[in-house]
Amino acid sequence: MTHPLWLWIPVTIWAAFAQTIRNAAQRSLTAELGTLGATLVRFLYGLPFAALWLLLVLELTQTHLPSPTWPFLGWVLSGAVAQIAATALLLCTMQERNFALGVAYSKSEVLQVAIFALAFLGDPITLMAGLAIAAGTAGVLLLSPASWSAGFSSRTAVLGLASGAGFAFSAVGYRGAALALGDVSFLLAAAYTLVAAQALQTLLLGGWLLARDPASVVRVLRAWKASLLAGFMGAAASAGWFTAFAIEPAAHVRTLGLIELVFSYAVSLKLFREKLSRRELAGMGLLALGVVLITLKGASP
């Protein structure tokens, strides 16, 4: 299935918007379910929606499920484990400071994903993409709540940067998994990788919690009404990310995905009644510049 060269741009913007809604829903569940319980919600309640999306893609493309290969399984497993860790760390970060800054620190993944994708997949970094990544990274630096050195030695920064590393490696893993499927349409590669990843994540994290803290799993199951929104928006966001990864290098997708910070600021201001300083707003301005540059790059032939 062919696609316009710019298709990854609206798909990525949708993924960023859906992820903002999911993060807000997950944060509101953390106090009740705990960090790992709220993390499990994303995968457990997202899996049925991801499976429905795969069935729809199979119907649309009139194709059959691809055969998994060992490289595919290796990539998707590494991406799934990294995403579990990154999600848990992100929730901890948001509890430390505020919603928008928690997301902002995790966006250090933009620089990290460029490095990982170059090292593991050979994805090139063009001049325009490099400028966008640099602007985005500078924006993240300005979002440090104290001085640059003190900010990056704070617990909030350490958690956020570790979360960014996890998300960066998961992005590379999922793009690697989609590419490992070979001659498969980008929609099917994305949907199939998504279902495989969320099934693995549900089994791994759910199994670990059942063995270590079964009461938390019971709480997650009892909170199904409140968890459905997080699950649906998580699946919707992941469908967007995975589709974009199947089309475009992960560094470009994640740089455009910085637009999530604009959405996060709106949520932080309106829903959680949190405020950002002028310095933090300047950092978001640089992040916005990175978004513009990577969009111009992606829209050019």
Check your understanding: How about the range 266-301: which of its residues are under 20 Å from the mean Cα position of the chain (by Cα), at pLDDT below 70 and more than 21 Å from residue 117 (Cα to Cα)?
Key -> 267, 268
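Take the residues in the range 183-211 that are of a type outside the set (A, V, I, L, M, F, W, C) and touching a helix residue (DSSP H, G or I) at 6+ places or on another chain (Cβ under 9 Å), then tell me which one is nearest to residue 233 (Cα to Cα). Even if it seems obvious, please write down each step before you answer.
Within the range 183-211, the first condition is being of a type outside the set (A, V, I, L, M, F, W, C), and the residues that meet it are 183, 185, 192-193, 198, 201-202, 206-207.
So of that shortlist, the ones also touching a helix residue (DSSP H, G or I) at 6+ places or on another chain (Cβ under 9 Å) come out as 185, 192-193, 198, 201-202, 206.
Details: 185: 24, 192: 18, 193: 17, 198: 14, 201: 17, 202: 16, 206: 20 Å.
Applying the filter and picking the extreme gives 198.
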Exercise for review: Kindly establish whether residue 263 is buried (at least 17 other Cβ atoms within 10 Å of the Cβ), part of a helix (DSSP H, G or I), aromatic (Phe, Trp, Tyr) and at pLDDT 80 or above.
Suggested key: no
Point to revise | Residue among 37, 74 that alone is of a type outside the set (Val, Ile, Thr), out of contact with any strand residue (DSSP E or B) (no Cβ under 7 Å at 6 or more places or on another chain) and surrounded by fewer than 20 Cβ atoms within 10 Å (Cβ to Cβ) | key: 74
Practice item. List the number of the failed condition for residue 104; all other conditions in (1) surrounded by 23 or more Cβ atoms within 10 Å (Cβ to Cβ); (2) modelled with pLDDT of 85 or more; (3) within 13 Å of the chain's Cα centre (by Cα); (4) among the aliphatic types (A, V, I, L, M) hold. Key: (2)
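State whether the residues of the range 170-190 include one that is closer than 25 Å to residue 28 by Cα, assigned to a helix (DSSP H, G or I) and not aromatic (Phe, Trp, Tyr).
Residues of the range 170-190 closer than 25 Å to residue 28 by Cα: 170.
Next cut, assigned to a helix (DSSP H, G or I) only: 170.
Cutting the leftovers down to not aromatic (Phe, Trp, Tyr) gives us 170.
Checked against the condition, which is being closer than 25 Å to residue 28 by Cα, assigned to a helix (DSSP H, G or I) and not aromatic (Phe, Trp, Tyr), the range 170-190 yields at least one hit.
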Point to revise | Residue selected from the range 126-155 under the condition in a helix (DSSP H, G or I) and at pLDDT below 70, by the criterion surrounded by the most Cβ atoms within 10 Å (Cβ to Cβ) | key: 140
Check your understanding: Scanning the range 40-71 for residues that are among the β-branched types (Val, Ile, Thr) and closer than 20 Å to residue 175 by Cα, which turns out surrounded by the fewest Cβ atoms within 10 Å (Cβ to Cβ)?
Key -> 69
Study note, to complete from the structure: A careful count of residues in the range 226-257 that are polar (S, T, N, Q) and within 11 Å of residue 175 (Cα to Cα) gives 1
Practice item. Please enumerate the residues belonging to the range 16-44 that are among the small types (Gly, Ala, Ser), within 17 Å of the chain's Cα centre (by Cα) and over 11 Å from residue 88 (Cα atoms). Key: 16, 18, 24, 25
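For the range 226-250, give me each residue that is more than 21 Å from residue 20 (Cβ to Cβ) and surrounded by fewer than 18 Cβ atoms within 10 Å (Cβ to Cβ). Spell out how you get there, then give the answer.
Initially, the range 226-250 is screened for residues more than 21 Å from residue 20 (Cβ to Cβ), giving 246-247, 249.
Within the range 226-250, no residue meets the criteria.
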Revision key, fill the gap. Residue 43 vs (1) part of a helix (DSSP H, G or I); (2) farther than 23 Å from residue 217 by Cβ; (3) of a type outside the set (Gly, Ala, Ser): all pass except (2)
Check your understanding: Across the range 3-25, what is the number of residues that are at pLDDT below 85, touching a helix residue (DSSP H, G or I) at 6+ places or on another chain (Cβ under 9 Å) and in a loop (DSSP other than H, G, I, E, B)?
Key -> 3
Check your understanding: Inside the range 246-255, can you point out the residues that are under 17 Å from residue 165 (Cα atoms) and hydrophobic (A, V, I, L, M, F, W, C)?
Key -> 250, 251, 253
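The values are calculated or read from the model by the stated rules, or taken from the named source; none is laboratory data. Bear in mind that the values here come from a model prediction, so they are computed numbers and not experimental data. So basically every Cβ, Gly included, is an ideal-geometry build from the backbone, and we count neighbours across all protein chains shown.
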